[in-house]
Amino acid sequence: MNVERDTERCMVARLKAGNAAAFEAVYDEYRPRLFTFLARLSRRRDVAEDLLDETWLRLVATAPRLADDTCLAAWLFTVARNLFASWCRRRALDDTRISDAPASWPAPAPGESPFEAASRNETERRIERALARLLVRDREVLLLVAVSGLTPAEAAAVLGLPAEALRKRLQRARERLALEMSADTARAVVESGFSRVEGRVRR
Amino acid sequence: MTVDAMDDELRALTVHDVSPAAAERIRSRCLAALSAHAEATARRRVARTTWLEPLAAIGVSLLYLVAAVRASMALLQ
């Protein structure tokens, strides 16, 4: 743990000095996790790519002013999350201008996303669907802790929550995900029943 | 599904990545920005030292001047 902290301090120091190799190492380490986080939050590949681009540019611009003990994972995920929140606000404003609809966090995209389509198996598809139906506040805490592998302390820093509040939110999010997955199973059973009855009626 | 089982499933979800072309584009943009920042910092450092040298010279000259004036005053007295 201390060795990891020391390595990270060393990496931060090199980043502050504008070392390209340090940037490349951090970029290769965190890029897939950040992109996955943003893609599952926004449910759009193009948006996730734009926000990822902006996150890294922010790191480069802020690098000389980073504190020596910066936790890079927490820093990067905080910036990515804030950029996503700004994107939501902009989108909500656009929606308001176009349709005069109330501003809100984006609803899950209808139908199957490219991520669901690329999911390896049925269980993964079920989890992706259930995740997509969660509120953003529940989804983001699960994505940070359970999917991206941030420690509870890092996730609490990203979300700006005290440790106890994070624990409660995580527990609530897990319960809601379990509910969504049960509902998904029930829907699948009902749909398969309907299609069987429909088949018999046709015959 | 238990909490542990659910966490295992979540941990096992596919990690996605941007296309290699997009990854390379972002990398080059950031590296260009990084080198621009480094150059700007170096320029600022050089500008600081260019100001410091004449300032130090003026300071030392003033010290010599004060010392000379004091020596002259002592001689006159």
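Please treat every number below as a calculation from the coordinates, not as lab data. The structure presented is a predicted model; accordingly, all values stated were derived computationally and were not measured. Backbone-built Cβ (ideal geometry, glycine too); neighbour counts: all protein chains shown.
Below, the figures for the structure above:
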| read-out | value |
| --- | --- |
| Theoretical ellipticity at 222 nm over chain B - DSSP helices of four or more residues, -39500 (n - 2.57) apiece, nearest 500 | -31000 deg cm²/dmol |
| Residue order, fewest to most beta carbons within 10 Å, for A:Tyr30, B:Tyr64 | B:Tyr64, A:Tyr30 |
| Of every Cα-Cα pair in the protein assembly as shown, the percent that sits beyond 36 Å | 35 |
| Förster-model FRET efficiency, 41 Å R0, A:Glu198 and B:Leu31, C-beta, rounded to 0.05 | 0.10 |
| Sites A:Glu29 and B:Trp51, calculated FRET efficiency, Cβ-Cβ separation with R0 25 Å, nearest 0.05 | 0.05 |
| Neighbour-count ranking [beta-carbon atoms within 10 angstrom, fewest first] of A:Asp28, B:Asp4, B:Asp17 | B:Asp4, A:Asp28, B:Asp17 |
| Euclidean distance of C-alpha centroids, region B:23-45 and region A:16-30, integer Å | 12 |
| Inter-probe distance in nm under a simple model that places probes 7 Å from Cα toward Cβ, at A:Thr62 and A:Asn19 | 2.1 |
| Under 12 Å, Cβ to Cβ, from B:Thr50 - net charge with Lys/Arg +1 and Asp/Glu -1 | +3 |
| Distance in nm between pseudo-label sites at A:Ala153 and B:Ser19 (7 Å out along the Cβ direction from Cα) | 4.1 |
| Neighbourhood net charge (11 Å Cβ-Cβ; Lys/Arg +1, Asp/Glu -1) for A:Leu144 | +3 |
| Net charge contributed by nearby residues that have their C-beta within less than 14 Å of A:Lys168 (K/R +1, D/E -1) | +3 |
| Theoretical FRET efficiency, 1/(1+(r/R0)^6), r = Cβ-Cβ of B:Glu39 and A:Asp6, R0 41 Å, to 0.05 | 0.85 |
| Sequence ranges A:64-70, B:52-58, ranked by mean other-Cβ count within 10 angstrom, highest first | A:64-70, B:52-58 |
